[in-house]
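What follows is a short report on a single structure.
None of the figures in this text is laboratory data; all of them are computed from the coordinates on show. All values reported here derive from a predicted model rather than from experimental measurement. Glycine gets a Cβ as well: all are built from the backbone with ideal geometry, and neighbour counts include every protein chain shown.
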Amino acid sequence: MKIQIPEVKKLVYEMRIPIRWGDMDAMGHLNNTTYFRYLETARIDWFRSLGCEADPSGEGIVIVNAFCNFYRQLVYPGDVLLKMYASDPARCTFESWATMERTNMPGEIHAAGGATTVWVNFKQQKALPLPDWMRQIVS
């Protein structure tokens, strides 16, 4: 199944990640699990940039699903530009998306993925309404 990133979305964060030699697999391209690590790294860095640190005794985000569509192989050496987007805020959730392109090939999407993001009370393991400040960012 291929999940498409919506046209209507808000750019919320960008970061570069170097492709490491050890990220490659026996086929000579970026291992599939590494794409998910890149998505996670960008998502966590974005939240940290907002002052939203993971605090097991407080509130924050969890994801309830994740996907990645692979379009073109990423190979060492190089850097990947991840662009994070948000859309569809609801009571407790919003959709987070990311595209991956090589920095030396601007505009050519090599992979794209996303996740449904839920605001929770970690201790209670219960979804809570998105805080107003977060709703403003993702709307």
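Here are the numbers for this structure:
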read-out	value
Per-region count, segment 46-66, residues within 26 Å of GLY107 (Cα to Cα) and crowded, with 16+ Cβ neighbours inside 10 Å	2
Top-ranked residue of segment 96-109 - restricted to ones that are crowded, with 19+ Cβ neighbours inside 10 Å and not polar (S, T, N, Q), ranked as farthest from MET15 (Cα to Cα)	TRP97
Enumeration of residues in segment 73-102 that are among the hydrophobic types (A, V, I, L, M, F, W, C) and either closer than 11 Å to VAL138 by Cβ or in contact with a Gly (Cβ under 6 Å, 6 or more places away or on another chain) (or both)	MET84, ALA86, ALA90, PHE94, TRP97, ALA98
Matching entry among THR103, THR34, THR93 (being within 22 Å of ILE5 (Cβ to Cβ) and without any contact (Cβ under 8 Å) to a residue 12 or more places away in the chain)	THR34
Total residues in segment 9-31, condition acidic (Asp, Glu), in contact (Cβ under 8 Å) with a residue 40 or more places away in the chain and not in a helix (DSSP H, G or I)	1
